[in-house]
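Working notes, structure below.
The values are calculated or read from the model by the stated rules, or taken from the named source; none is laboratory data. Computed from a prediction, not measured in an experiment: that's the story for all the values here. All Cβ positions, glycine included, derive from the backbone under ideal geometry; neighbour counts span all protein chains shown. Only protein heavy atoms, including side chains, enter the accessible area calculation; ligands, DNA and RNA are left aside. Shrake-Rupley method; radii C 1.70, N 1.55, O 1.52, S 1.80 Å.
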Amino acid sequence: MSVMVDALGDGAVVVKRNLIKIVRVPELMIFTLVSPIMFVLLFAYVFGSAINLQGTGYREFLIAGIFAQTVIFGATYTGAGIADDMKKGIIDRFRSLPMSQAAVLVGRTASDVLINLISIAVMAGTGLLVGWRIRTSFWEAVAGFLLLLFFAYTFSWIMAWVGLLVPSPEVVNNAAFIVIFPLTFIANTFVPLENLPTALKVFAEWNPVSSMTQATRELFGNSGGVAATSHAWPIQNPVLYTVLWGLVILAIFVPLSVRQYKRAASR
Amino acid sequence: MADVIHAEGLVKRYGSRSGEVRALDGLDLAVPEGTVLGLLGPNGAGKTTAVRILTTLLEADGGRATVAGLDVRKDAKGVRKRIGLSGQYAAVDEYLTGFENLDMIGRIYKLGRTASRARARELLERFDLVESGDRPVKGYSGGMRRRLDLAGALVAEPPVLFLDEPTTGLDPRSRTGMWEVIRELVRGGTTLLLTTQYLEEADRLADAIVVIDKGRAIAQGTSDELKRQVGGERIELVLTDPSQLDKARAVLATVAVSDITVDEDGRSLTAPVSGGPPDLMEALRGLDAAGIVVSDVGLRRPTLDDVFLSLTGHTTETPPLDKQEDAA
């Protein structure tokens, strides 16, 4: 138990330090705020003018997809931040201190939840301006936002592990781009599943990004019967499937990252 | 007196494409309480690896080590509570202010809010960082970063301190300032292990010196003992006429305490002496009497290269792979 308390107490110190950095490096903050706005507007007006959906409008369909993509890309900060700390010797300094071995990772992933929270708030505001509406209850909407944050949090742990493996933050960004881009595009984020070619469709149906997007859409009341046309189990049980994925990712990558953190200096 | 830092037969191997490299190859160290040990060696000799093992950042492949009586492998957290580490690359957070950096470390040591802040202010004052203490470290000079990093190592007033090349890359003025700070610490009774590439630094700060090469101790003793082995200062002279080389060598031999070396150009000679300026005067009188013309002459302190030349017969050139390791 005291191990947990230590990890949280020391983690809080690390969170404070990470948040100070966000405030002091305005570029980072501006990017965090501007890119979601850009995505919402681009997709809403460029794709929205070309894609017609029955039942619900494309803009409403789209917002959950953009939420999903943005928070998953947000996990890149986790990896890049850790790789940067490694490179600058700050991880060594932490490792020479009598603190919990998990604290740096706990603190980093926790502060990135806050960054994602800010991104979501900005996207939601922009979405409301272009016509997106939540058509369910307050608590369902809250559940939708929590699910987004939870799944992004599990991705942060994957990226934390990547950040500890690679030599520099730039590599994290490139690696993340190659993996996350297809993962968020071969899904129901921006287009309905039924129009995809078979192989891509199967991948997309079982892709947890799809289930997360589907779950979010349903919790916001934006599905309008459109995207649920797939009969794949993950799309029919999106919340359960997404939560299961999240738990599996945590079960694998939390221990893996902590172990890598302990070893990291020996390379 | 008990050894506060004690290491026996430390071995650390790294795999590499060209085979196995031994960063440490059976290193023994002993630092009694309240003393300073200087670990002297060139890049890639294994200094940083030794410090990393003793500070629990790295596990040794062989041998054992204790710090403050605790086994570095079995009780890593206990060791971390008793040590301070200031590394070769100042590990301070650029985006935090000097104060925030120190306060963060204080909180990790569970000093409590008030105590941690007071300690941070006290250290800023002591390290002459009061004026810049509330500015982000990004704007600090190299010397200021090193001082802040050292201050960070002292937050919890650890009884054992490890300084890994504390002045490498600093300009001469910052270096002298750093020496001042370190000497003051030692007066307070801290046990210190210091690594350095500079013989002069080890000479000024350390009670005992271990010279390390290829992961092994090749000489040890006090600064004076080492100098007796290596010779004190060097007379260096450059001849105008290379044909006078043999005559010049004969004159220098009257004051030299060990072998005189001749540069590849055939006109520069280096002679280790023990008496300093009087030896130089005597050599100059001798040269003048023999009608030898010199274009340049001077007296200089022995460098790490001289130590290596005397002890191993080779200079400090190391394969590039070893250098990478120390930099890692």
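Scan region A:205-250 for residues that are at pLDDT below 90 and among the hydroxyl-bearing types (Ser, Thr, Tyr) and jot them down. Scanning region A:205-250 gives A:223, A:229, A:230.
Those helices (runs of 4 or more DSSP H) of region A:171-267 in which at least 3 residues are open to solvent by less than 80 Å² (accessible area, probe 1.4 Å) and at negative phi, considering only elements entirely within it, cover A:198-206, A:208-220, A:238-263.
I'd like the full set of residues that are outside any loop (DSSP other than H, G, I, E, B), open to solvent by less than 20 Å² (accessible area, probe 1.4 Å) and under 26 Å from residue B:40 (Cβ atoms), limited to region B:270-308. Talk me through it step by step, then tell me what you get.
Initial filter on region B:270-308 (outside any loop (DSSP other than H, G, I, E, B)): B:270-272, B:277-289, B:294-300, B:304-308.
Then drop every residue that is not open to solvent by less than 20 Å² (accessible area, probe 1.4 Å), which leaves B:271-272, B:283, B:287, B:304, B:306-308.
Matches in region B:270-308: B:271, B:272, B:304, B:306, B:307, B:308.
Is it the case that residue A:7 is surrounded by 17 or more Cβ atoms within 10 Å (Cβ to Cβ), within 14 Å of chain B (Cβ to nearest Cβ), among the aliphatic types (A, V, I, L, M) and assigned to a helix (DSSP H, G or I)?
Values: surrounded by 17 or more Cβ atoms within 10 Å (Cβ to Cβ): yes; within 14 Å of chain B (Cβ to nearest Cβ): yes; among the aliphatic types (A, V, I, L, M): yes; assigned to a helix (DSSP H, G or I): yes.
In short, yes.
Checking region B:81-96 against the condition returns a match, with at least one residue being open to solvent by less than 20 Å² (accessible area, probe 1.4 Å), assigned to a strand (DSSP E or B) and more than 19 Å from residue B:144 (Cβ to Cβ). Among the residues of region A:100-115, those identified as more than 17 Å from residue A:259 (Cβ to Cβ) and open to solvent by less than 10 Å² (accessible area, probe 1.4 Å) are A:107, A:111, A:112. Can you confirm whether region B:209-216 contains a residue that is on the phi > 0 side of the Ramachandran plot and among the small types (Gly, Ala, Ser)? So far as region B:209-216 goes, yes, one or more of its residues are on the phi > 0 side of the Ramachandran plot and among the small types (Gly, Ala, Ser). Checking each residue in region B:23-46 for being surrounded by fewer than 24 Cβ atoms within 10 Å (Cβ to Cβ) and at pLDDT below 90 picks out B:42, B:43.
Name the residue, out of A:156, A:111, that is of a type outside the set (A, V, I, L, M) and more than 11 Å from the chain's Cα centre (by Cα). First the steps, then the outcome.
Details: A:156 fails: more than 11 Å from the chain's Cα centre (by Cα).
That would be A:111, the only listed residue that is of a type outside the set (A, V, I, L, M) and more than 11 Å from the chain's Cα centre (by Cα).
Considering (1) outside any strand (DSSP E or B); (2) more than 8 Å from chain A (Cβ to nearest Cβ), the lone condition that residue B:107 does not fulfil carries the number (2).
In region A:121-144, the condition of being away from chain B (no Cβ under 14 Å), in contact (Cβ under 8 Å) with a residue 40 or more places away in the chain and under 30 Å from residue B:75 (Cβ atoms) is met by no residue.
Condition check: part of a helix (DSSP H, G or I), among the polar types (S, T, N, Q), open to solvent by less than 10 Å² (accessible area, probe 1.4 Å) and closer than 30 Å to residue B:53 by Cβ. Does residue A:154 satisfy that? Judged against the criteria, residue A:154 is not a match.
Here region B:188-211 is the region considered, the condition is being under 26 Å from residue B:99 (Cβ atoms) and either under 9 Å from the mean Cα position of the chain (by Cα) or at pLDDT 90 or above (or both), and the residue that is most open to solvent (accessible area, probe 1.4 Å) is B:190.
You will find that of B:49, B:56, B:66, the residue that is in contact with a strand residue (DSSP E or B) (Cβ under 7 Å, 6 or more places away or on another chain), within 11 Å of another protein chain (Cβ to nearest Cβ) and touching a residue at least 24 places away in the same chain (Cβ under 8 Å) is B:49 and no other.
Does residue A:46 meet the test of being within 14 Å of another protein chain (Cβ to nearest Cβ), in a helix (DSSP H, G or I) and out of contact with any helix residue (DSSP H, G or I) (no Cβ under 6 Å at 6 or more places or on another chain)? Break it down into steps so the answer makes sense when it comes.
Numbers: within 14 Å of another protein chain (Cβ to nearest Cβ): no; in a helix (DSSP H, G or I): yes; out of contact with any helix residue (DSSP H, G or I) (no Cβ under 6 Å at 6 or more places or on another chain): yes.
Judged against the criteria, residue A:46 is not a match.
Screening residue B:20 with (1) more than 10 Å from every other protein chain (Cβ to nearest Cβ); (2) in a strand (DSSP E or B); (3) open to solvent by less than 20 Å² (accessible area, probe 1.4 Å); (4) modelled with pLDDT under 95 gives one miss only, at (3). Here the condition is being touching a Lys or Arg at 6+ places or on another chain (Cβ under 8 Å) and more than 18 Å from residue B:164 (Cα to Cα); of B:64, B:17, it holds for B:64 alone.
So which of B:113, B:126, B:121 is at pLDDT 95 or above and more than 9 Å from chain A (Cβ to nearest Cβ)?
On the way: B:113 fails: at pLDDT 95 or above; B:126 fails: at pLDDT 95 or above.
It is B:121.
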